[in-house]
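Step one of this worksheet: look at the structure below.
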Amino acid sequence: MSRSDVPEFDELLKNARHTAVHLEMRDNYGVGDEAAGFQHFKRTGDADQNPDSAFWVPWTSLVREAVGRSVVMRRARIVSEPVTDYIRYEHALTPVNLTVGERVRWLPRRQASEIALPGNDFWVFDGRLVQFNHFTGDGDWADPKYSMSEDPAVVKLCVSAFEAVWEQAVDHEKFTV
């Protein structure tokens, strides 16, 4: 697919019929729209857990709509231990993901050593389409920020990786940071 042919994430999620799974493998993200909230969290320990806040509504409305159509949304995170400040922040925000219908699990990186993992974070939609997320070394979006694949071998790798992580991972409620 050329860059102009790559659909936006919200379009992909709106077209999902059954599943949307996401694997996150970085210990730090530095995307611009989270910067203020992350800095506030580092100063105070407080995180925005209101799913209807201006920060969350773009995401929570997409998830609520998808879950309302019976799309099962699962997110797995592979993290180093001890966790980074960013992972503590992400953990503090996760109740919002759960509130709107996502299922979230965490896997310590040392337990992922025997899992074949793609080189980038990704989403898989309906077990047929992969969207890879590309980040800079500092954790901000790279250009291009994502790419797509429907190649059966690539989809199989990503589905297999996600399911292996999911199987070993711990539900959010049981994972402490």
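Any read-out appearing in this document is the output of simple, stated calculations on the displayed coordinates, not a laboratory observation. Nothing here was measured: the structure is a model prediction, and the numbers come from that model. No Cβ is skipped: glycine too gets one built from the backbone with ideal geometry, and neighbour counts run over all protein chains shown.
When every residue of segment 135-153 is checked against the conditions, none turns out to be out of contact with any Leu (no Cβ under 6 Å at 6 or more places or on another chain), over 25 Å from E34 (Cα atoms), buried (at least 16 other Cβ atoms within 10 Å of the Cβ) and among the hydrophobic types (A, V, I, L, M, F, W, C). Within segment 2-44, restricting attention to residues that are in contact (Cβ under 8 Å) with a residue 40 or more places away in the chain, more than 18 Å from the chain's Cα centre (by Cα) and assigned to a loop (DSSP other than H, G, I, E, B), the residue that is surrounded by the fewest Cβ atoms within 10 Å (Cβ to Cβ) is R17. Taking residues in segment 46-69 that are more than 21 Å from I87 (Cα to Cα), and partners anywhere that are surrounded by fewer than 15 Cβ atoms within 10 Å (Cβ to Cβ), the pairs with Cβ atoms closer than 8 Å and at least 6 places apart or on different chains are L62/D10; L62/K14; E65/K14; A66/K14; R69/R17.
Report, by residue number, each residue of segment 57-73 that is surrounded by fewer than 18 Cβ atoms within 10 Å (Cβ to Cβ) and part of a strand (DSSP E or B). Passing the criteria: only V72.
Here's the yes/no breakdown for (1) more than 24 Å from Q49 (Cα to Cα); (2) touching a residue at least 40 places away in the same chain (Cβ under 8 Å); (3) touching a strand residue (DSSP E or B) at 6+ places or on another chain (Cβ under 8 Å):
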residue	(1), (2), (3)
I78	no, yes, yes
L107	no, yes, yes
L129	yes, yes, yes
K145	yes, no, yes
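The residues of segment 91-145 that are in a loop (DSSP other than H, G, I, E, B) and under 29 Å from A47 (Cα atoms), listed by number, are V100, G101, E102, N120, T136, G137, D138, G139, D140.
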